[in-house]
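Please read the structure below before turning to the comments.
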Amino acid sequence: VLVGRYGGLPSLPEGVEWNSGLDFVASVDCAALPPDACNLPLPRDGHLLFFAARTDPDGFALMENSRSVIHVPAGTPTTERPVPDDQEYFPALDQHPLYARTFPSLPSSADDAVLLHPEISDLYFEHDLEYLDQRSRQWEVSLYLGGYAYSPQDPPIMGSSPEDEKGGWVLLAQAQLDMPDDPGFTACVFWIIQRDELAAGNFAAAGLVSISYH
């Protein structure tokens with residue numbers, strides 16, 4: 001099922017600015033997504049636009065209120081925006097269509113959902129549950145919505161425990177991007193948001209987490 005577009009240039013409503021520090025990554029048609037596919041309270045219509053940086057984040061870097069996720073409601077007039085020219089900027093990502101497919105997602109053994117629960121952690125190590133996830137699939141897609149984070153290093157804190165200071169954060173999406181300034185390196189980016197903010201449609205509250213790996 002065609003659900004969106006990867007790369008190219010974003011179409012934004014009047015008065016909505018493109019954060020010139022970020023690259024446009026993808027646009028997802030919420031109405032075209034399979035119902036309940038992501039187990040997230042996503043909007044039922046309109047488009048979600050995702051933005052991220054292709055520069056070295058110098059380890060884990062959390063950008064909150066970065067305008068990294070923008071929801072454009074259905075029927076909103078928009079215009080295609082050129083790449084911002086107020087700073088050195090990379091060319092737009094190569095454009096191609098996004099097609100949806102669904103598959104189960106399990107947390108890694110380093111995820112809060114496992115680490116913060118000793119009984120689950122014991123089961124993971126006893127039965128090698130981490131290896132049932134077939135995580136290599138996630139690198140074969142352009143954008144991964146929902147589920148648990150996959151990272152070549154420790155995954156970002158999702159706050160699976162209500163005692164955690166970021167309790168309620170969920171993974172909205174993740175992607176990997178080549179880094180033009182560092183050939184051979186890849187930026188692994190995660191868009192995270194608190195579930196209550198997501199349900200309220202407050203995408204200004206989304207955070208962007210980035211790491212790089214060789």
Of TRP139, TRP169, the only residue that is at pLDDT below 85, within 21 Å of CYS38 (Cα to Cα), surrounded by fewer than 18 Cβ atoms within 10 Å (Cβ to Cβ) and in contact with a strand residue (DSSP E or B) (Cβ under 8 Å, 6 or more places away or on another chain) is TRP139
For the stretch 172-203, which positions are among the aliphatic types (A, V, I, L, M) and open to solvent by less than 60 Å² (accessible area, probe 1.4 Å)? LEU172, ALA173, ALA175, LEU177, MET179, ALA187, VAL189, ILE192, ILE193, LEU198
Within the group LEU106, LEU123, which residue is in contact with a helix residue (DSSP H, G or I) (Cβ under 9 Å, 6 or more places away or on another chain), modelled with pLDDT of 80 or more and either over 27 Å from ALA53 (Cβ atoms) or assigned to a helix (DSSP H, G or I) (or both)? LEU123
As an exercise: evaluate GLY147 against (1) out of contact with any helix residue (DSSP H, G or I) (no Cβ under 7 Å at 6 or more places or on another chain); (2) modelled with pLDDT under 75 and give the number of the one condition it does not meet. (2)
Pull out all pairs, ordered by first then second residue, where Cβ-Cβ is under 6 Å, the residues are six or more apart or on different chains, the first lies in the stretch 65-84 and is at pLDDT 95 or above and of a type in the set (Gly, Ala, Ser), and the second is open to solvent by 50 Å² or more (accessible area, probe 1.4 Å) and assigned to a loop (DSSP other than H, G, I, E, B). ALA74/ASP45
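The values are calculated or read from the model by the stated rules, or taken from the named source; none is laboratory data. Since we're looking at a predicted model, the values are computed, not measured. Quick reminder, even Gly has a Cβ in these numbers, built from the backbone with ideal geometry, and neighbours come from all protein chains shown. Calculation scope for accessible area: heavy atoms of the full protein, side chains included, ligands and nucleic acids excluded. Shrake-Rupley method; radii C 1.70, N 1.55, O 1.52, S 1.80 Å.
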